[in-house]
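Accompanying notes for the structure given below.
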Amino acid sequence: MIFLPKSDKVVFYSILPLVIGVLGFFITVGFFMLHQALPSFMRFGVDLLVSSVWSPAEDPGREVYGLAAPFLGSLYVSALATLFALPLSVALTFSTTEILPRHVAGLLRNVVEVMGGLPTVVYGLWGSLVLSPYLRDSVMKPLHNYLGFLPIFSCRPITGYSVLTASIVLATATTPYVTALLIEGYGMIPAKYKEGILSLGATRYEVFKLLLGLLRPYVIASSLLGFSRALGETTIVALTIGNAVKPTLCIFDPTHTIPSLIASQFESARLYTYALPTLFAGGSLLLAVSLGVSYVGIKMIYTWRGRIHV
């Protein structure tokens, strides 16, 4: 720092309070979440993480809560949504970078970016009123009838509000974000790699296929960041997942995620002693997972950048 020019020192010390403020705000939010969740952790202990029950009562001694189902539901739905979003994002990246004419590719990118900026309630309402009954009648029932012996298709679809519906709608909302990351990563690959492959007479598909292999760590990192983003989505999931506190492997079953549980129970939770701290405990769990996954994803991106530009 002492070797910086005077003008750079002025800029550095000018923005230093802002940087400290951002870090301080982040730490304060984390501390606030844990502080609010502490009564629930102390009251229920490990049972909070291994049981699936939501039983509020006026007598605090009779209140029983367990977050296993909504926590596992959050991981399950987010993982499926990422799984659905990734092939779409790769296809969009291939189309806009290698296949389509420049002006058409630019238009498609703009459409994808606009989709990423749409209010999530729009996706949620579409999923609830249009996609849910369609999936129930055209996808879930045939799969249950013919492949019901498999655990993931074993439950009878009733309303259409389910893990599958929430995952598909969530994937639709997550795809623009993952696509933007992949296009950015693809653009970072030095031109010499592409020129070298083209000089060997490769087609555009072969170029993309080889460069995609080079991009693999970035693809994994983008998936992790997309998973982290899907993990915290509330409106879409609350409108499409059915909101039932039970653990399930079947993708036709309704369940809860932590965000949908918070959205549906937050107002009434104020009436009970341990309900609100339990919701904060769920939020703290999501915060910890999201931080860990995002850190790994960002670390992979920086490592890949350093290696690709050597």
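Not counting ligands, DNA or RNA, and with a 1.4 Å probe, what is residue 18's accessible surface area in Å² rounded to the nearest 10?
Only protein atoms counted, so the area is about 120 Å².
Given the protein chains as shown and a 1.4 Å probe, how many square angstrom of residue 33 are accessible, to the nearest 10?
Solvent-accessible area, nearest 10 Å²: 40 Å².
Considering only C-alpha atoms, what is the centroid distance from region 189-215 to region 44-73, in Å?
Region 189-215 and region 44-73 have Cα centres separated by 53 Å.
Taking square-rooted eigenvalues a ≥ b ≥ c of the alpha carbon gyration tensor, is region 164-310 rounded, prolate or oblate, where a/c under 1.5 means rounded and, failing that, a/b exceeding b/c means prolate? Spell out each step's value before the answer.
On the way: a/c = 4.09, a/b = 2.38, b/c = 1.72.
Prolate.
Starting from the Kirkwood radius over alpha-carbon pairs of region 75-212, derive D by Stokes-Einstein at 10 °C in a medium of 1.306 mPa s and give it in µm² s⁻¹.
It comes out at roughly 93 µm²/s.
I want to check a number: in the chain, how many lysine pairs have alpha carbons closer than 29 Å, given a sequence separation of 8 or more or different chains? Working shown, then result.
On the way: 9/299; 141/246; 192/209; 192/299; 194/209; 194/299; 209/299.
Here the count comes out as 7.
Name the residue farthest towards the positive end of the dipole of the chain from the options 199, 26, 128, assuming +1 on Cβ of Lys and Arg, -1 on Cβ of Asp and Glu, about the Cα centre.
My answer, from the dipole projection, is 199.
Specify the residue with the greatest mean-square fluctuation among 298, 20, 183, computed from a Gaussian network of the chain linking alpha-carbon atoms under 10 Å apart.
Result: 20 has the largest fluctuation of those listed.
Which of the following values of volume of the Cα convex hull per residue in Å³ was calculated from the structure shown: (1) 144; (2) 128; (3) 195?
Among (1) 144; (2) 128; (3) 195, the one derived from this structure is (3).
Are there any GluC sites (Glu not before Pro) in region 33-103 that are in a DSSP loop and have at most 12 other Cβ atoms within 10 Å? List them by number.
Filter output for region 33-103: 58.
Order 229, 305, 62 by their accessible area, 1.4 angstrom probe, all chains in place, largest first.
Result of the area sort, largest leading: 62, 229, 305.
How do 233, 206 stack up against each other in accessible area, from largest to smallest, with a 1.4 angstrom probe?
In descending accessible area the options line up as 206, 233.
Nearest 10 degrees, 0 to 90: what angle lies between the long axis of helix 163-188 and the longest principal axis of the chain (Cα atoms)?
20 degrees
The values are calculated or read from the model by the stated rules, or taken from the named source; none is laboratory data. Bear in mind that the values here come from a model prediction, so they are computed numbers and not experimental data. Using ideal geometry, Cβ is built from the backbone for each residue, glycine included, and neighbour counts are taken over all protein chains shown. These accessible areas exclude ligands, DNA and RNA; they are computed on the full protein's heavy atoms, side chains included. Shrake-Rupley method; radii C 1.70, N 1.55, O 1.52, S 1.80 Å.
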